[in-house]
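Since the structure comes first, as structure tokens, the remarks are kept for the end.
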Amino acid sequence: MRIGILSYRSHPFSGGQGIYVRHLSKALLNLGHEVCVISGPPYPDLTENIDLVKIPSLNLFSAESRLKAFSLRFFFSSVDLIEWLGIMTGGFPEPYTFGKRVNKFLKNHPERFDVILDNQSLCYDLLDIQEYYPLVTTIHHPITKDHKLELENSKDWKERLSTNRWHGFLKMQKQVAPLLKHVVCVSNQSKFDVQDEFKVKDVAMNVVLNGIDIKTFALRDPDKLIASRIVTTASADIPLKGLKHLISALPNVIKEYPQCHLTVIGKTPSDSIIRTLIKDLNLDDKVSFHSNLSESELVDIYSSAEIAVIPSLYEGFGFGAGEAMSCGLPLISTTSGGLKEVIGDAAIKIESGSSEVIEEAILDLFSSSKKREFYAKAGRERMEKEFDWALVAKKYLEVFHKAIEEFKK
């Protein structure tokens, strides 16, 4: 089968969707299929023998000066002009403009693929693409969840105005999603939320949980372990990740375990709310941030920690939880969104949004080597049995065959 995967941002450093593209494309290749990733920048890190078609954009988020990036040629390209104006006015036009560009590419390459998989661009042009190609769309979770949480955590009207402007693309996604013929969600909770928020019909929906690269995220090296170190995966400035609740729990944990240190896989600007909280709690030397990491560097960080904590208020899936468990880290996690389907009974479950609950769980786990050993073993076993990417890819193939057969009718 010739499979084309559309992804408007695909580098693993961009987050879970970049990880998804890398590992699903590799798993499909390993099953004997031809795979081509059609991506906007930042481009993916792909396995050998997977084709990459680059769909250039203005890539203004990487520009030194977005104002200076303007060119008179934009007046001869409505897509470029829309992208530049959108970003200059605080919007996020990339899904829309990627759709315009990729639709043009696909029309210029008819019958190159047997099926197209869209990685949550949910752009208007998908409705055109599905008329001339069998199309399946993955929706990891409805971004309306992120939007609502950011509004709830906004300090003033300026922040609310800014987040409303940024999430302007949701109007497009809400219009497109209900009209798609084949949708994959990465958890049952994600499916429920997509139906609730985007009004997608049940008949169009399929649930295929993501996988974890259990070979790369292997059991940690005990010689690298640093006592009382905690690791978490969190985009620090997204309230949905719940990082502030974990940081607020640290002072009392440090009283009992003075060597305690939190390693955050993620980044945060120097003027962020999280940085202010760290400074106010005198935790500057107790919290460190690490971003743009290779997979081997990620594994090294997991290997150095004694426990992992995922304090998220919502996750469509939860790669951070799965990777920590795969490395044999005892995990404390909320059960928000799709997390409960990732962790099962192989992690310590806590309610979201409570620093006190996080504090109690950390102190309890630090104090019991037997509990740490139990959850370390249980987490790894769960990843091995249920989250192999090869199994995930086979389930995607079933959806692809269904889309192809219905397209022929």
Distribution output for the range 166-243: share of Cα-Cα pairs per 5 Å bin in percent, first bin at 0, values 3, 11, 13, 14, 16, 14, 10, 7, 5, 5, 1
Residues meeting the amide H criterion for Arg9 (H placed from the backbone, H to H distance under 5 Å, 5 or more places apart or on another chain) are Gly40
What residues qualify as long-range amide H neighbours of Val115, i.e. H under 5 Å apart, gap of 5 or more or another chain, H built at 1.01 Å from N? Arg2, Gly4
Expected unfolding gain across Leu219-Lys279 under the 0.36 nm per residue rule, minus the alpha-carbon gap, is 18.2 nm
State which entries of Lys68/Lys145; Lys145/Lys402; Lys54/Lys244; Lys224/Lys267 exceed 28 angstrom in Cα-Cα distance in the structure shown. Lys68/Lys145; Lys145/Lys402; Lys54/Lys244
Please label the shape of the range 222-386 as rounded, prolate or oblate, based on the square roots a ≥ b ≥ c of the eigenvalues of the alpha-carbon gyration tensor (a/c under 1.5 means rounded; beyond that, a/b larger than b/c means prolate, else oblate). rounded
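What does the convex hull of the alpha-carbon atoms of the range 208-258 project to on average, in nm²?
Details: hull surface 23.3 nm².
The Cα convex hull of the range 208-258, projected and averaged over all directions, gives 5.8 nm².
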Just to confirm my numbers, what's the Cα centroid distance between the range 71-87 and the range 271-343 in Å? 38 Å
Which of Val79, Val200 has the fewest Cβ neighbours within 10 Å, and the rest in rising order: Val79, Val200
Long-range amide H partners of Gln120, meaning residues 5 or more apart or on another chain whose placed amide H is closer than 5 Å, are Thr138
In whole Å, largest first, the alpha carbons of the chain cover along the principal axes 63, 47, 38
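Please report the orientation-averaged projected area of the range 1-82, defined via the convex hull of its C-alpha atoms, in nm². Show your work: numbers first, answer last.
Working: hull surface 25.4 nm².
If I average the Cα hull's projected area over directions, I get 6.4 nm².
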Do the alpha carbons of any pairs in Lys100/Lys155; Lys371/Lys394; Lys171/Lys201; Lys107/Lys199 sit beyond 26 Å of each other, and which pairs? Lys100/Lys155; Lys371/Lys394; Lys107/Lys199
Expressed in nanometres to one decimal, the distance between label points 7 Å along Cα→Cβ at Ser65 and Ser296 is 4.0 nm
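Under 14 Å from the Cβ of Ser78, count the other residues' Cβ atoms, weight Lys and Arg +1, Asp and Glu -1, and hand me the total.
Every neighbour counted, the sum reads +1.
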Rounded, prolate or oblate: which fits the range 321-363, taking a ≥ b ≥ c as square roots of the Cα gyration tensor eigenvalues, rounded meaning a/c under 1.5, else prolate when a/b beats b/c? oblate
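Quick one: putting +1 on the C-beta of Lys and Arg, -1 on the C-beta of Asp and Glu, what dipole do you get for the chain around its Cα centre, in Debye to the nearest 20?
800 debye
When a footprinting reagent is the concern and you count Cβ atoms within 10 Å, what order do Tyr133, Tyr257 take, fewest first? Walk me through the numbers before you get to the answer.
Working: Tyr133 21, Tyr257 17.
Listed from fewest to most nearby Cβ atoms, that is Tyr257, Tyr133.
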If each residue's Cβ is checked for other Cβ atoms within 10 Å, how do Trp166, Trp389, Trp157 rank with the fewest at the top? Trp157, Trp166, Trp389
Under the rule a/c < 1.5 gives rounded, and otherwise a/b versus b/c splits prolate from oblate, where does the range 44-196 land using the Cα gyration tensor? oblate
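Which number do you get for Rg(Cα) / (2.2 N^0.38 Å) in the range 63-119? The partial results should precede the final answer.
On the way: Rg = 14.1 Å, N = 57, 2.2 N^0.38 = 10.2 Å.
With N residues counted in the range 63-119, Rg over 2.2 N^0.38 Å equals 1.38.
We did not get these values from a lab; they are worked out from the coordinates using the rules stated. Keep in mind the model is a prediction, meaning the values are calculated, not measured. Cβ atoms come from the backbone with ideal geometry, glycine included; neighbour counts cover every protein chain shown.
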